[in-house]
Amino acid sequence: PDREGFAFDNFFIGERTRTVLLENFTNTSETQITQRESDFLKTFDVEDDEGTVLVKINYHTDFPGTDPFNEVNKVDPSARALFYDIDQTPTAIIDGIIGNPSGLPFSEWGRTSFEQRSLILAEFDVNLNVTTQNGSILIEAIPTPQNNAVLNQDLIIVAAVLEKTVSLAQLGINSVPSGEDEFEFVLRKLLPNAAGIILNTEGAQSQIPMNTVTFEWVPTNVLDLSNLAVVVMVQDQNTKEVYQSELLITRKSL
């Protein structure tokens, strides 16, 4: 009471704009903490965070052992794990840059890191539309930069097709070593591949939509076409920071 107080000289009041991307690398042959972490991630959702969205992708790797989901798509999870230099499961990373170098499981550090990341305004906005044509899934993404500084980076745009929920019963499998029996947001395909598409920023300006980027995929190894979700992310190829991601959950069979 007897002091002069304090002041902030740089602050912002407004709605949050970031969609936080949580990428989890998992394997059903790991028996120590995989089921515990999987259960934690299923309940790790956004509550009362106005303007903030959480997107989850589960990559089933080929290490440390055989995984039934990896058997139908070995390339994409391996390429993404190599991109982040990840060699053990379960390992989670937020927006491509926030992980835990001490090796602690996500359940012990993820909440705080997510809340801090959600306060940072998104560098991009992504308008997403998904349709079908002749048996193919067509994904149209329109990225809009929110500032000019981000346009100086080497950017890529990647689409991911996910199956929202899958059970062991659907796979015709009785059990897996991890003890799990229900899975969510399982990666089925990265489009056009794990390397994505280089985003041409020539002539781009802040707040002006860029050219539409189109992805096309004929669904394979999908158990339920009415149970799909699509994620599109804009990412720095060098720093690996995800500047924004957008999720669209299908409401009908594609």
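For the reader, a short list of remarks on this structure follows.
- Look at where the Cα atoms of the range 101-125 and of the range 209-243 average out, and the two centres are 21 Å apart.
- Length gained when the stretch R111-N129 is fully extended (0.36 nm per residue, less Cα-Cα span): 3.5 nm
- Residues listed by number, the range 113-139, amide nitrogen under 18 Å from E216 label point at 7 Å toward C-beta: 129-139
- Net lengthening on full extension, S206/T165 (0.36 nm per residue, minus Cα-Cα): 11.0 nm
- Remark: spin-label model distance V46-I249 equals 1.3 nm, labels positioned 7 Å along the Cα→Cβ axis.
- Candidates F11, F83, F106, ranked by Gaussian network fluctuation over the chain, Cα under 10 Å, top entry: F11
- Average 1/r across all pairs of distinct alpha carbons in the chain, invert it, and you get the Kirkwood radius: 19.2 Å.
- When the solvent-accessible area of the chain is split by element, carbon and sulfur atoms take up 47 percent of it, the probe being 1.4 Å.
- Annotation: amide H-H contacts under 5 Å for I137 (H modelled 1.01 Å from N, sequence separation of 5 or more, or interchain): W217, V218.
- Point-charge dipole on Cβ atoms (K/R +1, D/E -1) for the chain, about Cα centre, debye to 20: 580
- Residue-span extension gain [R3 to E15] - 0.36 nm each, minus C-alpha spacing: 1.0 nm
- For the chain, with +1 on Lys and Arg beta carbons and -1 on Asp and Glu, the positive-most of T144, T239, F8 along the dipole: T144
- Per residue accessible area in Å² of the range 150-215, where ligands, DNA and RNA are left out and the probe is 1.4 Å: 48
The values are calculated or read from the model by the stated rules, or taken from the named source; none is laboratory data. What you see is a predicted model, and the numbers here were worked out from it, not measured in a lab. Methodologically, a virtual Cβ is constructed for each residue, glycine included, from the backbone with ideal geometry; neighbour enumeration extends over all protein chains shown. Heads up: the accessible areas ignore ligands, DNA and RNA and are worked out on the full protein's heavy atoms, side chains in. Shrake-Rupley method; radii C 1.70, N 1.55, O 1.52, S 1.80 Å.
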